[in-house]
Amino acid sequence: MPVDLVLSNAKVYTRRGIVKAGLAIDNGRIFRIAKETNLPQASTKLDLQGCVVLPGLIDMHVHLRDQQLAYKEDFFTGTSAAAAGGVTLTVDMPNNKPVTMSSKSLRERMKLAEKRIIVDVAFYSAFPATLGEIPSIVEEGAVGFKLFLSQRIGGLDIQDNDVLLRAFNKAGEMNVPVAVHAEDKEILENLKNKMKQAGRNDMNAHLEVHPPNAEMKAIQRIIQLAKESKVRVHFCHISSAAGLNAFLAAKKMGLSVTCEVTPHHLFLSHEHLKRCRTIALIHPPLRTNRDVKALWNALTHGLIDTIASDHAPHTIEEKEDKSIWDVKPGIPGLETTLPLLLTQVNKGNLALSDLVKMTSEKPAEIFNLKYRGSLDEGYLADLVVVDVHRKHKIDSSRFLSKAKYSPFDGWKVKGKPIKTFVNGQLVMDEGEIVAKPGTGEIVLWKNRSH
């Protein structure tokens with residue numbers, strides 16, 4: 001019997017390095033990786049013309065919006081953007097409208113997504129007000145909980161350490177990670193009030209309201225709670241040398257902590273705010289060149305666990321509000337992450353093995369996603385075909401996301417995702433979506449090994 005698909009004439013990224021080979025795919029899984037002569041017959045055969053095949057990216061930090069925020073992004077446009085960027089699984093954040101914070105709100109969100117998604121999607125939940133509901137949220141399918149320390153989103157009093165500790169213990173019992181946006185609410189609010197009283201409405205005021213010590217203090221606070229509980233903590237978008245050092249101290253202690261950095265914190269600094277202005281306004285904000293260097297240094301020494309886009313789309317009007325305090329923080333990142341990183345691989349600043357580790361292997365490990373994150377026989381055929389030599393310019397007007405702006409607009413990059421396969425099905429070909437809405441699957445905590 002022939003298999004469903006053979007991808008021939010490829011350079012396949014494996015745990016042993018890149019091998020000249022082909023891939024046989026059957027029933028959504030990788031059936032065989034071998035030289036052409038050793039591959040089975042197939043119903044369909046595609047010649048990849050010597051392009052590199054990588055595991056599809058698992059983006060741990062994505063805001064897909066939809067529901068009452070569908071005017072910013074919806075499940076179809078968001079997952080189309082993911083497919084265009086070589087991302088085969090996105091993990092959706094809970095700060096939606098309504099907030100995802102109960103088994104009912106999660107169920108409704110998943111039901112809506114089911115018919116619209118192009119790539120696979122897993123879901124975070126915010127913590128519920130009643131901690132006894134945590135098991136039912138996990139049983140409904142949440143792969144983790146997200147805790148925002150900069151503002152209250154969800155049911156917990158984020159200033160109460162006892163409440164947080166109980167929530168951490170519950171999440172630990174369910175063996176799901178807690179992802180943390182680590183910025184201290186009190187520091188932010190005090191500084192913001194001072195700036196507003198002084199009549200400040202400039203970009204520097206925004207930076208001053210989000211100092212590195214707000215990140216550092218929040219990380220240290222969570223580390224203390226992590227010591228007292230058995231939860232796995234994942235720190236989102238670490239942006240500063242001070243925050244990074246606080247995190248690395250916890251790693252040295254042997255605590256079960258991981259972290260991510262974003263492309264915007266790796267490639268942009270304060271200086272880019274002069275050109276991009278509010279388009280590049282994000283939380284935590286862009287930092288100094290010294291902070292950027294510290295992140296790169298940690299990354300090249302294997303101390304950063306993952307790279308995630310923190311794809312956070314808004315309307316252009318929301319990004320260009322006259323008051324700095326009303327500008328919505330966040331940028332679209334799903335379509336720029338891989339080209340930006342491949343450019344660094346081409347320049348010799350990043351090993352391809354580190355790119356794969358931080359965007360596929362480690363995210364799969366953190367969420368205990370079996371049969372995902374690498375190209376192995378028996379694994380799900382989630383993969384991206386990249387032309388590592390193709391030069392192009394980032395052009396946000398062509399994004400598949402509804403958010404057609406980017407601080408990376410006009411950047412010259414080298415390396416482009418040209419085909420994306422999800423569960424063995426071609427979903428993106430040369431920037432076009434070639435699959436129907438509903439092709440992607442919901443990845444639930446209880447069946448995450450399937």
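Any read-out appearing in this document is the output of simple, stated calculations on the displayed coordinates, not a laboratory observation. None of the values given here were measured: they were computed from a predicted structure. Please note: Cβ atoms are built from the backbone with ideal geometry, for glycine as well, and neighbour counts cover all protein chains shown.
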My understanding is that a pair violates if its Cα-Cα distance is over 25 Å; which of LYS72/LYS146; LYS115/LYS357; LYS252/LYS414 do that in this structure? LYS115/LYS357; LYS252/LYS414
Looking only at segment 381-395, which residues have a backbone nitrogen under 13 Å from a spot 7 Å from the Cα of GLN49 in the C-beta direction? 386-391
Relative contact order (percent, whole number), the chain, Cα cutoff 8 Å, 6+ residue spacing: 21 percent
Between helix 161-173 and the chain: long-axis angle, C-alpha atoms, 0 to 90°, nearest 10: 20 degrees
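Any idea what the dipole of the chain comes to, in debye rounded to 20, about its Cα centre with Lys/Arg Cβ at +1 and Asp/Glu Cβ at -1? Display every interim value, and only then the final one.
Numbers: 60 positive and 51 negative charges, 155 e Å.
Computed charge dipole of the chain: roughly 740 debye.
Assuming R0 = 41 Å, what is the FRET efficiency of GLU139 and GLU186, from their Cβ-Cβ distance, to the nearest 0.05? Could the numbers behind the result be given before it?
On the way: r = 35 Å, r/R0 = 0.85.
Efficiency at R0 = 41 Å is approximately 0.75.
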Rounded tilt (10° steps) of 103-114 against the dominant C-alpha axis of the chain: 40 degrees
SER353/GLN197 FRET efficiency (R0 35 Å; Cβ-Cβ; nearest 0.05): 0.10
With +1 on each Lys and Arg Cβ and -1 on each Asp and Glu Cβ, how big is the dipole of segment 3-47 about its Cα centre, in debye rounded to the nearest 20? 300 debye
Longest principal axis of the chain (C-alpha) makes with the long axis of helix 337-347 (C-alpha) an angle, in degrees to the nearest 10, of 70 degrees
Which order results if ARG221, ARG109 are arranged by neighbouring Cβ count within 10 Å, fewest first? ARG221, ARG109
By its C-alpha gyration tensor, with a ≥ b ≥ c as the square roots of the eigenvalues, how is the chain shaped: rounded for a/c under 1.5, else prolate for a/b larger than b/c, else oblate? prolate
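Starting from the Cα-Cα distance between ARG398 and ASN38, subtract it from 0.36 nm times their residue separation and give me the gain in nm to one decimal. Before the final figure, lay out each step's value.
Details: separation 360, 0.36 × 360 = 129.60 nm, distance 4.03 nm.
Contour length minus the Cα-Cα distance gives 125.6 nm.
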Taking H placed 1.01 Å from N in the peptide plane, check which residues at least 5 places from LEU149 or on another chain put their amide H under 5 Å from its amide H. HIS181, GLU183
Could you check the simple spin-label distance between LYS251 and ASN346, using points 7 Å along Cα→Cβ, in nm with one decimal? 2.9 nm
Could you identify which residue out of THR14, THR420, THR337 has the top mean-square fluctuation in a GNM of the chain using Cα springs shorter than 10 Å? THR14
Highest mean packing first, using Cβ neighbours within 10 angstrom, the peptides 308-315, 258-265, 75-82 sort as 75-82, 308-315, 258-265
Given charges at Cβ of Lys, Arg, Asp, Glu: the chain dipole, positive-most of LEU54, GLY348, PHE123: GLY348
Cα centroids of segment 232-266 and segment 3-72: how far apart, whole angstrom? 31 Å
Can you give me the distance in nm between label points at HIS272 and ASN289, each placed 7 Å from the Cα along the Cα-to-Cβ direction? 1.5 nm
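So if each residue of separation counts as 0.36 nm, and I subtract the Cα-Cα distance between LYS322 and GLN151, what length gain in nm does that give?
Values: separation 171, 0.36 × 171 = 61.56 nm, distance 2.26 nm.
Extra length available between LYS322 and GLN151 comes to 59.3 nm.
With the contact rule set at Cα under 8 Å and sequence spacing of 6 or more, what percent relative contact order holds for segment 132-179?
On the way: 35 pairs, mean separation 23.1, N = 48.
Relative contact order of segment 132-179: 48 percent.
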When we measure straight from the Cα of LYS45, which lysines land under 25 angstrom away, once same-chain ones fewer than 8 places off are left out? LYS11, LYS20, LYS35, LYS416, LYS419, LYS436
